[in-house]
């Protein structure tokens, strides 16, 4: 699946979560950041092993649980030069403020050093 196709995995009209596209997203990023994206992906999968992994309507890898509000989505990660970003809903960031202390926060978008 090409990056453009991976970005279309989730239909914005029906908000149905369709698994997949994360490998393609990571491999479409520059080689120098791919290992770091894989580490973030693994950390999310470790704490949420049953979550559905998808490329969401934001066009970035995301994680969801059926029945959870916000269309089930609770976390995302992305790369946009020069930052690798972890996106979480504001209450999560507030609960983990110490762990995220070295990151710049823009409304739940944590830019990792």
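The values are calculated or read from the model by the stated rules, or taken from the named source; none is laboratory data. All values derive from a computational prediction rather than experimental measurement. Glycine also receives a Cβ, built like all others from the backbone with ideal geometry; neighbour counts cover every protein chain displayed.
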> Taking into account only those residues within segment 86-102 that are over 18 Å from residue 69 (Cα atoms) and in contact with a strand residue (DSSP E or B) (Cβ under 6 Å, 6 or more places away or on another chain), which is surrounded by the most Cβ atoms within 10 Å (Cβ to Cβ)?
Replying inline: 86
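Out of the residues in segment 74-85 that are under 17 Å from residue 30 (Cα atoms) and under 14 Å from the mean Cα position of the chain (by Cα), state the one that is surrounded by the most Cβ atoms within 10 Å (Cβ to Cβ). If you could, list the steps in order and put the result at the bottom.
The first filter runs over segment 74-85 and keeps only residues under 17 Å from residue 30 (Cα atoms), leaving 77-85.
The next check asks that each one be under 14 Å from the mean Cα position of the chain (by Cα); those that pass are 77-80, 83-85.
Details: 77: 25, 78: 19, 79: 21, 80: 11, 83: 16, 84: 20, 85: 19.
My answer is 77.
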> So which residues in segment 27-37 are more than 11 Å from the chain's Cα centre (by Cα) and part of a helix (DSSP H, G or I)?
Replying inline: 27, 28, 31, 32, 33, 34, 35, 36
> What number of residues within segment 44-65 are out of contact with any helix residue (DSSP H, G or I) (no Cβ under 6 Å at 6 or more places or on another chain) and in a loop (DSSP other than H, G, I, E, B)?
Replying inline: 9
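Wholly within segment 68-113, which strands (runs of 3 or more DSSP E) include no fewer than the required count, namely at least 2 residues that are under 21 Å from residue 21 (Cα atoms)?
Values: elements: 73-80, 83-88, 104-106, 109-112.
Correct list: 73-80, 83-88.
Among the residues in segment 80-97, are any on the phi > 0 side of the Ramachandran plot and at pLDDT 90 or above? Steps first, answer last, please.
Going through segment 80-97, the residues on the phi > 0 side of the Ramachandran plot turn out to be none.
No, there is no match, as no residue in segment 80-97 is on the phi > 0 side of the Ramachandran plot and at pLDDT 90 or above.
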